[in-house]
1. State which entries of B:K72/B:K271; B:K90/B:K113; A:K271/A:K296; B:K90/B:K296; A:K72/B:K16; A:K72/B:K90 exceed 21 angstrom in Cα-Cα distance in the structure shown.
2. Averaged over peptide A:82-89, how many Cβ atoms belonging to another chain are found within 10 Å of each residue's Cβ?
3. Using Cα centres only, tell me the gap between segment A:1-29 and segment B:1-45 in whole Å.
4. So which trypsin sites (Lys or Arg not before Pro) in segment B:223-314 end up in coil per DSSP with only 14 or fewer other C-beta atoms within 10 Å?
5. Kindly give the semi-axes, whole Å and largest first, of the ellipsoid equivalent to segment B:16-140, taking each as the square root of 5 times a Cα gyration tensor eigenvalue.
6. For B:S140, go 7 angstrom from Cα along the Cα-to-Cβ vector, then report the distances to that same point in the other copies in nm, smallest first.
7. Classify segment B:64-193 as rounded, prolate or oblate, taking a ≥ b ≥ c as the square roots of the eigenvalues of its Cα gyration tensor: rounded when a/c is under 1.5, otherwise prolate if a/b is larger than b/c and oblate if not.
8. Please compute the alpha carbon radius of gyration of chain A, then divide it by the globular-protein estimate 2.2 N^0.38 Å. Two decimals is fine.
Number of protein chains: 2
Amino acid sequence: MNFQQLRSIREAVRQKFNLTDVARALHTSQPGVSRQIRELEDELGVDLFVREGKRLTSLTEVGVLVVPIVEKMLNDADNLRRAGQEFTQKTRGRLSIAATHSQARYALPGAVKDFRRRYPHVALNLHQGSPDQVAGMLISGEADIGIATEALSLHDSLVALPCYRWTHSVIVTPGHPLLAWPTLTLERLSEHPIITYNEGFTGRLHIDRAFAKQGITPDLVLTAMDADVIKTYVELGLGVGIVASIAFDEARDQNLRAIDAGHLFAVNLTKLGIRRGSFLRGYVYDFIETFASPLKRELVERAVASAPGECVELDC
Amino acid sequence: MNFQQLRSIREAVRQKFNLTDVARALHTSQPGVSRQIRELEDELGVDLFVREGKRLTSLTEVGVLVVPIVEKMLNDADNLRRAGQEFTQKTRGRLSIAATHSQARYALPGAVKDFRRRYPHVALNLHQGSPDQVAGMLISGEADIGIATEALSLHDSLVALPCYRWTHSVIVTPGHPLLAWPTLTLERLSEHPIITYNEGFTGRLHIDRAFAKQGITPDLVLTAMDADVIKTYVELGLGVGIVASIAFDEARDQNLRAIDAGHLFAVNLTKLGIRRGSFLRGYVYDFIETFASPLKRELVERAVASAPGECVELDC
DNA sequence: TATCCTTACGGAATTCGTAAGCATG
DNA sequence: CATGCTTACGAATTCCGTAAGGATA
């Protein structure tokens, strides 16, 4: 058993069982990959992959059992390297953050700026994607921490720690009739075409639920992945926007008006996700605490060491 | 990074930093071991071992951090092999049980007999040792499961599952004055020389505590590791014995009499220990359930997957 | 001086990539 | 017939054990 074999196995799953792609990803030859996989299968005495003719098509029953262990081992290998670096170069390294647009654009800048000043020699890597992609990057090890409101709690191999709560606001053009009412209601809102987030993004679920509960079918004329796009179309007069309150900046968005909608839609909880069992560099703990001050190092350490289903104070 | 390096690291710790012994244990040459360790240290960029002159003496700060990860990886490698075997030879393999004398002698025989009949091709390996040794064998991976009343809950890398509760009995020769009293008390017991377990064995702690609580200093004329030795000396008239009730067999011990002492000493809880994160063969789950029927597979699986400190139903 | 680690060196084994072969959609 | 996996083979590398060297209790 060796690590090249394990890497081949892991990459074969990631590359959907195309060994040619695996070879490319691992910077080696295709026959080599073929051999690595075959060798480990021989050593274990079982096929890990289902072969149809010569092609690999899926994991066998054992494969399903084995692959998570393989991934754990390879992650531990990374942890080992990180543990070494933590001592050779305490203030140098890499911090890879995966976040949704909303987080990257509105929640993270402050913490990132502080972090840059404090750790000028740590290369910051900010990846943006859908909540699912954020989770995927954590699982694959591409990202060290992930920040999103959705999806992070759904995977057993991740821990999700609560960062902050937020609500939505309705965004309209100046002089819009909705501004005239003393209080905003769902009925009044539903009289206008609505522009908001795509499904699965930034609390969209809570928006749908609120309307459904009142038996209202809102007129969703446009949905987008991020608040900037939404605001653009609101400015163009296509409808009223529903965005995260944090996305409205009075100074910057002078040709728009915001109406608080915290009473209309359920409160959202943004979470910070980490792969279980990760060894985190010291500066990662610092970043996390800067971003969400209740998440002290000791708490995060316990969360990372916890098992799926287990509750670590703020967690769940 | 390769597994031989990891094995060298692990073994170096186990062999108290004597690389000559490490080489012997790993069936390789001493310069080889030296090189493996040096290579991994080079790759990580940090020394893992403190060197005084040329000798290794202890772990560095990083070493302390790294060694647990190394052990986890090597254990996962074993898990991988076991997962393979589970499919190639479901009813063949090895089951290594570590237990204290009391357990091996009185509690296990029934389960072992059933298991042998059910899995004739699984090689059973029964190791005997002190509670500490049982824990040590679990931690090192020499034993798959451990059974003891003490010590198992003390290590973070182990889970301890409760098996059964038991109390002590007082063992005397026929016609002994203690048999004349309607009820046994600590005072009456303490008027006789006492023979019982060594410290740290089979509920000895509860015996000491009970006497201490009443301000009595018992006359411990002899202590031994197991009930058979104790019974032998009771027969010889050296004193009265205090042993686990389970260790007295009316049919076999015809020249001895037992007096229940469940009301004098606290109840003991025998536990089954497993290394966290182990992949267990199917027959291991069967054995466990045969031994302690409440420990169903699903429960044990959750316990093994749990993190230190977490409570899994019957656990704690 | 015995123990224990390191360095040096040469042979053995392993590893890996290229080229050719073969199955499948 | 293009894609994708396997087999075959030779070169390069790595690995490992022996032998010699040096430090320490």
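1. The answer is B:K72/B:K271; A:K72/B:K16; A:K72/B:K90.
2. 6
3. A separation of 28 Å, based on Cα centres.
4. Passing both the DSSP loop test and the Cβ count: B:R252, B:K296.
5. Numbers: eigenvalues 271, 70, 35 Å².
Each semi-axis is the square root of five times an eigenvalue, giving 37, 19, 13 Å.
6. 4.2
7. Because a/c hits 1.5 or more and a/b fails to exceed b/c, segment B:64-193 counts as oblate.
8. 1.19
Computed from the coordinates by the stated procedures, all read-outs in this text should not be read as laboratory data. These numbers come from a predicted model, not from an experiment. Note that we place each Cβ from the backbone using ideal geometry, even for glycine, and neighbour counts take in every protein chain shown.
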